[in-house]
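Report on the following structure.
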Amino acid sequence: MSFNGNIEEYKGVWVVAEVSEGRSTQTSEELMTPARQLAGELGQPVCAVILAGSGDDTSSAEAAFGRLGAEKIYTVKHDLLGQYQPQLYTKALGDLIQQQKPNVVLFGATSVARDYAPRVAIRTGGGLITNAGELKLENGILKAIKGVLAESLLADVSVANTRPQMALVRGRTYEKPSESGGSANVETVTPDLTPDLAKSKLLEVQQTDTGKKKLEDAEVIVSGGRGLQGPENFKLVEELASTLGAAVGASRAVVDAGWRPHAEQVGQTGKTVTPTVYFALGISGAIQHQVGMRTSRTIIAINRDAEAPIFKIADFGIVGDVFEVVPVLTQVLKEQNLASV
């Protein structure tokens, strides 16, 4: 579907929120910072959108976004939205966008949003910037700084002459804004959905990694690679991560070998992360891995190969055997009672 509307009719900056166990995710809350900045420049309101099942309690998330500056919240509820299905999410959000005509729509660049945001863009005729970093406006046009050519260059990307202007924003690009103490007007929306719209059927949900930190939200990530030599040695990664209150990540080679689940994979075919600190243990640093983590604020690499590519982007590097260095590092941190970085 192509855009053929009047650009002037589109008003407001929307944040599409993701909710987990009734609470808004950190990645979604961070989006309120650019949303408020853009809305201030445009002189337009900030709204949040929550998609949930009919029986889901969204009151905590609604209150959180009100305190963070949302003037209005659209809570889209339907029995069929209780579990993620791309066609159903696309229609529910796409229909709301076409009805309300927001100017800017922001998504966190999570695995779910990356799946259905492009579908929403096609359905609404909007433009979408993927993997966006810092956002800005030039003459009302949304632009983003985006890494291209395996993050070796930065480019300004825009979605001119189309509405809504949409962006998938990388996690931890912005800090969560301060709370304003306000509350938002909440409007509950019931979308027109039927089961036949879904092209797939959910048969079973298997809960894994309960209680573990999500890579997208983690301030500290400890990742391991082939230098660990086997899945049994990943306990070195887990112990250091536990000491630091960090999330566990892995390289593609490790995941392909079956040592770790795909949910932990960092890189071009895994997750893109931007933590405050990223530990690379026994990871050579192939370009496919660098794409997913090179924008981390501080990169610490431990590898016995002094020529490993990871050292070219690391802020701190230790040339040494992970089996000798990591246990000592973990023990020192434990002794100094450093529970976080």
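Tabulated values for the structure
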quantity	calculated
DSSP beta bridges in the range 71-166 [antiparallel fraction, %, rounded to 5]	70
Förster radius 56 Å - calculated FRET efficiency between Asp305 and Asn139 (Cβ-Cβ, nearest 0.05)	0.65
Most positive-pole-ward Cα, Ala253, Leu137, Ala70, against dipole of the chain from beta carbon charges	Leu137
Debye, to nearest 20: dipole size of the range 194-341, +1 on Lys, Arg Cβ, -1 on Asp, Glu Cβ	320
Unit charges at the beta carbon, dipole of the chain: most positive-side option, Ser223, Val291, Gln85	Val291
Contact order relative to length of the range 197-295, as percent, for alpha carbon pairs under 8 angstrom and 6 or more apart	32
With eigenvalues of the C-alpha gyration tensor scaled by 5 and rooted, the chain, Å	37, 22, 19
Relative contact order (percent, whole number), the chain, Cα cutoff 8 Å, 6+ residue spacing	15
Note, ³J(HN,Hα) from phi for the range 311-320, Karplus 6.51, -1.76, 1.60, rounded to Hz, x at Gly and Pro	5, 6, 10, 6, 7, 9, x, 10, 8, x
Cα centroid separation, the range 253-315 to the range 191-242 (Å)	16
Cα gyration tensor, the range 101-216 - rounded (a/c under 1.5), prolate or oblate	rounded
Inverse mean reciprocal Cα-Cα distance (Kirkwood Rh) of the range 205-325, Å	13.9
Farthest toward positive dipole pole in the chain [+1 Lys/Arg, -1 Asp/Glu at C-beta], among Thr243, Gly317, Gly147	Gly147
Nearest-ten-degree value, helix 86-100 long axis tilted from longest Cα axis of the chain	40
The range 155-227: trypsin sites (Lys or Arg not before Pro) falling in loop per DSSP and having at most 11 other Cβ within 10 Å	Lys199, Lys201
Extension gain (nm, one decimal) between Gln99 and Thr269, 0.36 nm per residue minus Cα-Cα	57.7 nm
Fraction of beta bridges assigned by DSSP in the chain that are antiparallel (%, nearest 5)	20
Paired Rg and Dmax values of the range 168-209, which use every Cα atom, in angstrom	18.4, 43
Peptides ranked, highest mean first, by Cβ atoms within 10 Å: ranges 119-127, 314-322, 95-103, 66-74	66-74, 119-127, 95-103, 314-322
Förster radius 25 Å - calculated FRET efficiency between Thr194 and Glu9 (Cβ-Cβ, nearest 0.05)	0.30
Distance (nanometres) between label positions extended 7 Å along Cα→Cβ at Thr298 and Gln83	4.2
Carbon/sulfur fraction of accessible area - the range 261-341, other protein chains in place, 1.4 Å, %	53
Burial order of peptide ranges 30-36, 110-116, 257-263 (average beta-carbon count within 10 Å, highest first)	30-36, 110-116, 257-263
Dipole magnitude of the range 19-147 about its Cα centre (Cβ charges: Lys, Arg +1; Asp, Glu -1), debye to nearest 20	380
Mean separation of Cα contacts under 8 Å, 6 or more apart, over the residue count of the range 21-142: relative contact order %	25
From phi via Karplus (6.51, -1.76, 1.60), per-residue ³J(HN,Hα) for the range 107-122 in Hz, x at Gly/Pro	10, x, 7, 8, 5, 5, 5, 5, 6, 9, 4, x, 5, 5, 4, 5
The range 11-89: proportion of alpha-carbon pairs further apart than 20 angstrom, %	30
The chain - mean residue ellipticity at 222 nm from DSSP helices (-39,500 (n - 2.57) per run, n ≥ 4, rounded to 500)	-8000 deg cm²/dmol
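The values are calculated or read from the model by the stated rules, or taken from the named source; none is laboratory data. Keep in mind that this is a model prediction, so the values were computed, not measured. Don't worry about glycine lacking a Cβ; one is built from the backbone with ideal geometry, like all the others, and counts go over all protein chains shown. Calculation scope for accessible area: heavy atoms of the full protein, side chains included, ligands and nucleic acids excluded. Shrake-Rupley method; radii C 1.70, N 1.55, O 1.52, S 1.80 Å.
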